[in-house]
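Below is one structure; the comments refer to it alone.
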Amino acid sequence: MSGLLTLLTCHPLFAQLEFEREPISYETTPPQDRLTRLQEQLDAGRVSLTWHEKHGWLPSLLEQLEVRRSSQVLVFSKTSLQLSRITPRRPRAIYFSDDTYVGWVQNGDVVELSSIDPRQGAIFYTLNQKPSDRPRLTRDRGQCLICHASSRTQGVPGHLVRSVFPAMDGQPHFGLGTFTTDHTTPFENRFGGWYVTGTHGSMRHMGNVIARDNSSDPLDREAGANRTSLSGIVNTTPYLEPGSDLIALMVLEHQTLMHNVLTLASYETRMALHYDSVMNKALDRPADHRSESTDRRIRSVANKLLKALLFCDEYPLESPIAGTSSFAREFSESGLRDGQGRSLRDFDLTHRLFKYPCSFLIDSDAWDQLPLTVRETVETRLQAVLSGEDPSPEFSHLSSEDRSAIREILEDTRRQRKSRQDQP
């Protein structure tokens with residue numbers, strides 16, 4: 001499913017060859033992601049998909065995968081597998097949950113899907129948009145990784161959100177540059193080639209407008225600002241929702257970064273430890289010997305993960321923001337809460353995205369299944385940061401109140417999570 005979130009001018013990297021080998025074996029290791037489990041349930045007859053005359057398999061897929069319709073965001077740049085069917089008049093819809101992404105195009109040949117394997121990262125699939133008694137998810141065998149395993153995804157199978165300067169037909173003006181966006185990206189560089197519904201005060205973004213070529217200022221950002229409806233610029237009747245929610249887009253940006261860094265931490269640690277095991281055998285060293293270079297690799301990637309987890313370098317909001325769908329409410333309500341009613345899914349939306357700047361993906365299978373070595377390294381330093389023992393300036397954005405609240409929320413919600421996991 002090349003290009004669930006983007007397909008631009010990409011080139012294969014040597015890193016792709018690396019993760020096809022041991023200890024990663026991306027291609028040959030049986031996946032353990034949500035879409036694989038769905039196919040197993042379909043094959044066993046435990047669940048079924050219902051064909052919809054207007055949207056094909058989409059509504060039934062979202063229901064089975066527990067993906068909210070309110071997460072809908074619309075992208076009109078030609079940055080996808082089915083780019084010939086995408087224009088500003090016919091944008092592609094993306095829906096997502098904590099671990100699954102679904103892409104739908106009007107009159108598309110396939111539904112594009114991917115989900116996160118806790119150890120292997122993003123796994124990509126397509127589902128033919130044809131009625132069938134036995135619908136089958138087909139795993140991609142390398143085409144998607146041309147773009148979805150590049151430097152823009154940390155060099156591992158992953159996702160990215162791109163902001164471009166779109167022409168009238170949706171084709172990016174590559175000569176004007178592009179941006180890979182996440183929670184650190186200046187607001188003014190976000191959402192080029194996307195539709196955006198929501199309010200954001202005096203801040204301006206690149207969404208909702210077409211770029212003028214050969215211009216010193218190719219975008220009329222004012223024309224695309226603070227739109228609470230897409231009426232007049234695109235017909236949204238063919239879609240499940242009428243908008244492209246700003247808050248959903250911003251959560252998507254953060255989430256794709258976190259998933260990629262989680263996968264990177266897993267890959268780097270496993271490859272470093274594997275290299276040590278090979279060298280230990282060759283040099284007749286103790287099997288548990290760990291080299292200084294391996295320790296450095298693990299500390300380095302652990303620090304990268306911790307910085308993403310705690311929203312280091314998050315671009316501060318200069319005005320309050322609001323979405324137009326039920327996404328923010330539904331997303332927040334889905335989180336575990338501590339004894340004081342607080343959750344890592346609570347939004348701020350005035351100065352920053354989340355009220356408590358620690359990623360909700362710390363409560364995920366991808367986090368839990370990190371190699372123990374790197375997870376313990378991250379969590380040990382996390383505790384030091386939250387307790388105030390680690391005064392590193394990179395975490396200076398966290399107030400003492402932030403640190404106390406995050407620590408208390410984690411302690412309480414993790415107890416709840418463990419209790420649920422222990423139940424038969």
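Values in this text are rule-based calculations from the coordinates and carry no lab data. A quick note: this is a predicted structure, and the numbers were derived from the prediction, not measured. For neighbour counting, all protein chains shown are included, and Cβ atoms are generated from backbone atoms with ideal geometry for every residue, glycine included.
Computed quantities for the displayed model
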| quantity | calculated |
| --- | --- |
| Residue-by-residue Karplus 3J(HN,Hα) for region 266-274, coefficients 6.51, -1.76, 1.60, Hz, glycine and proline x | 5, 5, 4, 5, 5, 5, 5, 5, 5 |
| Cα extents of region 272-422 along the three principal axes, largest first (Å) | 61, 39, 30 |
| Phi to ³J(HN,Hα) by Karplus 6.51 cos²θ - 1.76 cosθ + 1.60 over region 104-112, Hz, x for Gly, Pro | 10, 10, 4, 6, x, 6, 9, 8, 9 |
| Cα gyration tensor of region 247-295 - equivalent ellipsoid semi-axes, whole Å, descending | 36, 7, 6 |
| Reachable lysines, given that their alpha-carbon falls under 26 Å from the alpha-carbon of Lys307 and they are not under 8 places away in the same chain | Lys355, Lys418 |
| Distance between modelled label sites at Asn189 and Asn128, nm, 7 Å Cα→Cβ extension | 4.3 |
| Within a Gaussian network of the chain (alpha carbon springs, distance under 10 Å), most fluctuating of Ser114, Ser364, Ser150 | Ser364 |
| Sites Asn280 and Glu379 - FRET efficiency at Förster radius 25 Å, r taken between beta-carbons, to 0.05 | 0.40 |
| Share antiparallel - DSSP beta bridges, the chain, percent rounded to 5 | 95 |
| Convex hull of region 45-197 built on C-alpha atoms - directionally averaged projected area, nm² | 10.1 |
| Average Cα contact separation per residue, the chain, under 8 Å, 6 or more apart, as relative contact order % | 15 |
| Candidate lysines for bridging to Lys54, where Cα separation is under 25 Å - those fewer than 8 sequence places away on the same chain excluded | Lys78, Lys130 |
| For region 377-384, Karplus couplings with θ = phi - 60° (6.51, -1.76, 1.60), whole Hz, Gly/Pro x | 4, 5, 5, 5, 6, 4, 4, 5 |
| Check: the chain dipole with +1 on Lys, Arg Cβ and -1 on Asp, Glu Cβ, in debye | 720 |
| Dimensionless Rg/Rh of region 51-108 - Kirkwood Rh, Rg from C-alpha atoms | 0.96 |
| Long-range tail of P(r) for region 197-269 (Cα pairs > 17 Å, %) | 60 |
| Computed lengthening from Asp412 to Ser396, 0.36 nm per intervening residue step minus Cα-Cα distance | 3.3 nm |
| Volume per residue of the C-alpha convex hull in region 180-309, rounded to whole Å³ | 178 |
| About the Cα centre, charge dipole magnitude for region 272-422 (Lys/Arg +1, Asp/Glu -1 at Cβ), debye | 280 |
